[in-house]
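Colleague: Can you read through this structure? Questions will come right after.
The values are calculated or read from the model by the stated rules, or taken from the named source; none is laboratory data. Model, not experiment: these values are computed from the prediction. Here the Cβ positions follow ideal geometry from the backbone for every residue, glycine too, while neighbour counts run over all protein chains shown. When the accessible area is computed, the model is the full protein with side chains, heavy atoms only, and any ligands, DNA or RNA have been set aside. Shrake-Rupley method; radii C 1.70, N 1.55, O 1.52, S 1.80 Å.
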Amino acid sequence: MELKIDSVTKKFAEKTACDNVSLDLRNGIYGLLGSNGAGKTTLMRMMCGVMRPDSGTISYNGIDVSHEDYRDLLGYLPQDFGYYPEFTAMDFLLYISALKGIPKKRAKEKSEELLELTALTEVIKKKIKTFSGGMKQRLGIAQAMLNDPQILILDEPTAGLDPKERIRFRNLISGMSSKRIVLLSTHIVSDIEHIADTILIMKSGHLIQNGQLGDILKAIESKVWECTVSNDKALGFSEKYPVINLRNEQDGVFMRLVSDEKPCVNAVSKEAALEDLYLYYFCEEREEKK
């Protein structure tokens, strides 16, 4: 079972949102990282058939994204999840089931199953407008899973959630990933680091990293440093290097940064993390735009 993205390009006026992107996905969780405007949402919308690529193809086991059979295999939670505030959780899932053409008996059974899975059974008869942000996102997952999809695409699903809800959400996604492709896009690096089998990084419409955490971190191996410097030196370092962390202390300013060479005499080399890699790429991007 393979979802194949082959040389996909999408342009908007003068901007190329996705530039010749190719990717093969099999069962597991793929974490998609990138700054605003990197092309993540455009890529996901094309994978969902919401938007057509200007060139290239997207298919699952030979079924093109434009085909109805492909849509039957798809579950999608967009960044701006639309719902009817006056509906109860059950009413909403039954309504979405009808739109997806799921038979009534099966729709009710599946809705009850998913409300239990997403820990919403106790609020099954309450109106969605009374739900917390985390509850709404869990309901969003439930509606995306109604047709038991082989491809589950989640765009910024943990945005606005508190740490407890984010952990609950991550655990929920992990439990769903063994028999399907899950593509998760987020700005929250720790969410990707905790659950993704494969990490994808997009920048300026290009896919610049694709691999397991240990493999992609080789790009900044031996380039992460920690040191404590004076206030004056800290200002210069902030302008010169991608700074991951900065903290005022009694004897100066503590800094964690990325540098090809040892930035000062007392700098200590540290093991790289995904956040270091992300800031390395996108601090550099901000410099390019100045």
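Colleague: Quick one: Pro242 ticks every box in (1) within 24 Å of the chain's Cα centre (by Cα); (2) open to solvent by 50 Å² or more (accessible area, probe 1.4 Å); (3) in contact (Cβ under 8 Å) with a residue 40 or more places away in the chain except a single one, so which number is it?
Modeller: (2)
Colleague: Can you name every residue in the range 64-95 that is open to solvent by 40 Å² or more (accessible area, probe 1.4 Å), aromatic (Phe, Trp, Tyr) and closer than 17 Å to Met46 by Cβ?
Modeller: Once the filter is applied, which keeps residues that are open to solvent by 40 Å² or more (accessible area, probe 1.4 Å), aromatic (Phe, Trp, Tyr) and closer than 17 Å to Met46 by Cβ, the range 64-95 yields only Tyr76.
Colleague: Checking Asp155 against (1) in contact with an Asp or Glu (Cβ under 9 Å, 6 or more places away or on another chain); (2) of a type outside the set (A, V, I, L, M); (3) open to solvent by 30 Å² or more (accessible area, probe 1.4 Å), which test does it fail?
Modeller: Here Asp155 clears every test but (3).
Colleague: Is at least one residue of the range 254-261 open to solvent by less than 40 Å² (accessible area, probe 1.4 Å), closer than 22 Å to Leu200 by Cα and out of contact with any Phe, Trp or Tyr (no Cβ under 6 Å at 6 or more places or on another chain)?
Modeller: No, there is no match, as no residue in the range 254-261 is open to solvent by less than 40 Å² (accessible area, probe 1.4 Å), closer than 22 Å to Leu200 by Cα and out of contact with any Phe, Trp or Tyr (no Cβ under 6 Å at 6 or more places or on another chain).
Colleague: Something else about it: Here's a check for you: in the range 123-173, which residue that is part of a helix (DSSP H, G or I), within 17 Å of Ile96 (Cα to Cα) and among the polar types (S, T, N, Q) is modelled with the lowest pLDDT?
Modeller: Gln137
Colleague: Among the residues of the range 28-55, count how many are closer than 18 Å to Ile208 by Cβ and open to solvent by 30 Å² or more (accessible area, probe 1.4 Å). Even if it seems obvious, please write down each step before you answer.
Modeller: Step one: filter the range 28-55 for residues closer than 18 Å to Ile208 by Cβ, giving 30-44.
After this cut, where a residue has to be open to solvent by 30 Å² or more (accessible area, probe 1.4 Å) as well, the list is 36-37, 41.
Summing the residues that are closer than 18 Å to Ile208 by Cβ and open to solvent by 30 Å² or more (accessible area, probe 1.4 Å) in the range 28-55 gives 3.
Colleague: Answer yes if at least one residue in the range 112-125 is of a type in the set (Lys, Arg) and buried (at least 18 other Cβ atoms within 10 Å of the Cβ), and no otherwise. Step through it out loud before you land on a result.
Modeller: Within the range 112-125, the first condition is being of a type in the set (Lys, Arg), and the residues that meet it are 125.
Going one step further and asking which of them are buried (at least 18 other Cβ atoms within 10 Å of the Cβ), we end up with none.
Checked against the condition, which is being of a type in the set (Lys, Arg) and buried (at least 18 other Cβ atoms within 10 Å of the Cβ), the range 112-125 yields no hits at all.
Colleague: Please go through (1) among the charged types (D, E, K, R); (2) open to solvent by 40 Å² or more (accessible area, probe 1.4 Å); (3) within 27 Å of the chain's Cα centre (by Cα) for Lys203 and return the number of the only condition it doesn't satisfy.
Modeller: Condition (2) is where Lys203 drops out.
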